[in-house]
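Working notes, structure below.
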Amino acid sequence: MIDAVESWIVLLPLPIQILLLLAVFLPLCWLAARAVDPVVEWVLRPHTARSRRREDVDR
């Protein structure tokens, strides 16, 4: 099954391959970014809170 799909994609013209790649990977990358963003914000929250306190003291 995988070999048949791979062969089909390889035999397509390059512009069609690029459109297919974008149609598949753009939504996947968008979903991955939506999943990773809250995790990154949670991990960096102590650092940003510390930076804000430091800015308040400097004023």
| said: Please report the projected area of the chain's Cα convex hull averaged over all directions, in nm². | reply: 6.9 nm²
| Could you work out the helix-only [θ] at 222 nm for the chain, with each DSSP H run of four or more residues adding -39,500 (n - 2.57) and the total divided by the number of residues, to the nearest 500 deg cm²/dmol? | -33500 deg cm²/dmol
| Inter-site label distance for A32 and L20 at 7 Å from Cα along Cβ, in nm | 2.0 nm
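Only the coordinates and a few stated rules stand behind these numbers; no lab work does. In this text, all values refer to a predicted model and were calculated from it rather than measured experimentally. Every residue, glycine as well, gets a Cβ built from its backbone with ideal geometry; the counts of neighbours run over all protein chains shown.
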